[in-house]
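**Student:** Let me begin by handing over the structure; questions about it come next.
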Amino acid sequence: MTPRDPQAPGLARLAALIADETRASCLLALLDGRAWTAGELARHAGVAASTLSEHLGRLVAGGLLTEERQGRHRYVRLADPRVAHLVEDLASQVAPEQARRPSGLRESSAGSAMARGRTCYDHLAGRLGITITDALTERRLLRQDTGFALTDAGLEWFATTGIPLDRKGRRPVARACLDWTERRPHLAGVAGAALCRHAFDEGWCVRIGTERAVKVTAAGEQALSELLGVDGAALR
């Protein structure tokens, strides 16, 4: 009899944690990188607060979320970038025909905004993320042929643009994250997070609505055109 793989029980427990629509909805919402209250997540998932609390307890115990309390409020967020990548990668496996159709114009518009540009935990995704990733690659600042990696010119570009990269930790400088709307990889890792943070700090991007959607400002279009040759029309 073949011995059971010692990782099998842990993988099964992890799959069971995610294999619930309410918990999956919470994980997707938390991809915006912010901390949410239990009440906010309950409204987002369309369930009672007591029901949501039970689900959050399981996600925290399973290591997918972390929590902290401030006064009466309980805040939760994704445990780390590893969890964000897992959720985004799984979401990318859902075929378009399997996704639920928008129930109305408002939901359709929100979906279009998310596809145009959004945050994926701490980096840019959607058409915006892909456009920037392609521009970096075309200018030989990023290599994708042997895995995602910044070139020497890419490292210099980040430095001269004023985007510091923290290379002390174990997180990779550049990482491919499969985009669930574009079905292609966008830039994640230290570089992706630093670029996203810089874009918000400099007013290149602003959040819109209550989801993860972002839009590029006029200042952002000008900056990306000057720095990477990106056509502003491709960002709208």
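The values are calculated or read from the model by the stated rules, or taken from the named source; none is laboratory data. Keep in mind that what you see is a predicted model, and the values were worked out from it rather than measured. Cβ atoms come from the backbone with ideal geometry, glycine included; neighbour counts cover every protein chain shown. For accessibility, only protein heavy atoms count, side chains too; no ligands or nucleic acids. Shrake-Rupley method; radii C 1.70, N 1.55, O 1.52, S 1.80 Å.
**Student:** Among the residues of segment 168-182, write down those that are under 26 Å from ALA113 (Cα atoms) and either touching a residue at least 40 places away in the same chain (Cβ under 8 Å) or part of a loop (DSSP other than H, G, I, E, B) (or both).
**Tutor:** ALA174, ARG175, CYS177, LEU178, ASP179, TRP180, THR181, GLU182
**Student:** With the condition kept exactly as written, say whether any residue in segment 152-167 is at pLDDT below 95 and either part of a helix (DSSP H, G or I) or within 18 Å of ASP134 (Cα to Cα) (or both).
**Tutor:** no
**Student:** Looking at the structure I just gave you, is ALA199 in contact with a strand residue (DSSP E or B) (Cβ under 7 Å, 6 or more places away or on another chain) and open to solvent by less than 50 Å² (accessible area, probe 1.4 Å)?
**Tutor:** In short, yes.
**Student:** Okay, next question. Considering each of LEU165, LEU178 in turn, give the residue that is in contact with a Phe, Trp or Tyr (Cβ under 7 Å, 6 or more places away or on another chain) and surrounded by fewer than 23 Cβ atoms within 10 Å (Cβ to Cβ).
**Tutor:** Just one listed residue meets the conditions, LEU165.
**Student:** Continuing with this model, one more query. Count, please, the residues in segment 183-236 that happen to be among the aliphatic types (A, V, I, L, M), in a loop (DSSP other than H, G, I, E, B) and over 19 Å from GLN144 (Cβ atoms).
**Tutor:** Within segment 183-236, residues that are among the aliphatic types (A, V, I, L, M), in a loop (DSSP other than H, G, I, E, B) and over 19 Å from GLN144 (Cβ atoms) number 1.
**Student:** Related question: Taking segment 60-86 only, how many residues are in a helix (DSSP H, G or I), open to solvent by 80 Å² or more (accessible area, probe 1.4 Å) and under 13 Å from ASP122 (Cα atoms)?
**Tutor:** 1
**Student:** Considering only residues that are charged (D, E, K, R) and without any contact (Cβ under 8 Å) to a residue 12 or more places away in the chain, which ones fall in segment 107-137?
**Tutor:** Matches in segment 107-137: GLU107, ASP134.
**Student:** If you don't mind, another one. Could you check segment 35-65 and list, in sequence order, the residues that are under 11 Å from ALA79 (Cα atoms) and in contact (Cβ under 8 Å) with a residue 24 or more places away in the chain?
**Tutor:** If the condition is that a residue be under 11 Å from ALA79 (Cα atoms) and in contact (Cβ under 8 Å) with a residue 24 or more places away in the chain, then ALA35, LEU59, GLY62, LEU64, LEU65 are the ones that fit.
**Student:** I'd like to know if segment 30-40 contains one or more residues that are at negative phi and open to solvent by 80 Å² or more (accessible area, probe 1.4 Å).
**Tutor:** Checked against the condition, which is being at negative phi and open to solvent by 80 Å² or more (accessible area, probe 1.4 Å), segment 30-40 yields at least one hit.
**Student:** If a residue has to be in contact (Cβ under 8 Å) with a residue 40 or more places away in the chain and of a type in the set (Ser, Thr, Tyr) to count, how many in segment 13-34 make the cut?
**Tutor:** Here the count works out to 0.
**Student:** A further question follows. So which residues in segment 1-35 are outside any helix (DSSP H, G or I), at pLDDT below 90 and closer than 23 Å to ARG212 by Cβ, if there are any at all?
**Tutor:** GLY33, ARG34, ALA35
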